[in-house]
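Accompanying notes for the structure given below.
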Amino acid sequence: MTPGSDQPAPGASLWSTVFRHVRYENLVAGVSGGVLSNLALHPLDLVKIRFAVSDGLELRPKYKGIVHCLTTIWKIDGLRGLYQGVTPNVWGAGLSWGLYFFFYNAIKSYKTEGRAERLEATEYLVSAAQAGVRSWAVWNITWCPSVYDI
C-alpha cells in the first residue's frame with residue numbers, strides 16, 4: 001500500500017495486499033493446540049460419555065468414580081479403549097481451533113494496523129467474537145453442508 005491511499009504499492013500483488021494480515025503460524029499453532037489438548041483429555045471425555053450413557057441402565061457397567069471407570073476401561077480394552085473414538089474429535093478440535101486462531105490473529109492485526117496504542121479490552125472481545133463466527137461459518141458450512149441444506 002502506498003501511504004495515504006487504498007491502492008497497493010507498485011509491484012505488490014492483489015494477493016499479498018488482501019492477505020497481508022494473515023499469519024499461517026497462527027493456523028498451525030491452533031491446529032497443534034487443538035490436537036494435543038484433545039489427545040491429552042480424550043480419556044476424560046470418554047469417562048463423561050460413559051457416565052452419561054450408563055445413567056440408570058442395568059445393562060451398562062456401573063462405575064464408582066472417574067478412576068474406577070478409567071481403570072475398568074484400561075483392564076478391558078487397554079490404551080485403545082481409552083482412545084476409542086478419538087479420530088473425529090482430533091480432526092474437529094484441530095481444525096476448529098486452527099481456524100479460530102487464524103481468524104483471531106488476522107482480525108487483531110487488521111485492527112492494529114497504523115495504530116500506535118494497543119487494542120482496548122472490548123476490541124479484543126469483539127475480535128474474538130468475530131473470529132468465532134468466522135470459524136463457525138467455515139467449519140459448519142464447509143464440513144457439514146447437509147445440515148444447512150447447501
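Quick notes on this structure:
- Considered as a group, the residues in region 85-121 that are assigned to a helix (DSSP H, G or I) and of a type in the set (A, V, I, L, M) include one that is farthest from Arg23 (Cα to Cα), and that residue is Val86.
- Just one of (1) under 26 Å from Ser32 (Cα atoms); (2) modelled with pLDDT under 90; (3) not β-branched (Val, Ile, Thr) fails for Pro61. It is (1).
- Pairing residues of region 113-130 that are among the acidic types (Asp, Glu) with residues that are in a loop (DSSP other than H, G, I, E, B), at Cβ distances under 9 Å and at least 6 apart in sequence or on separate chains, gives Glu113/Arg20; Glu113/His21.
- Complete set of residues in region 92-126 that are within 23 Å of Tyr24 (Cβ to Cβ) and among the hydrophobic types (A, V, I, L, M, F, W, C): Ala93, Leu95, Trp97, Leu99, Phe101, Phe102, Phe103, Ala106, Ile107, Leu119
The values are calculated or read from the model by the stated rules, or taken from the named source; none is laboratory data. This is a predicted model, so every value here is computed, not measured. In this analysis, Cβ positions are derived from the backbone assuming ideal geometry, glycine residues included, and neighbour counts consider all displayed protein chains.
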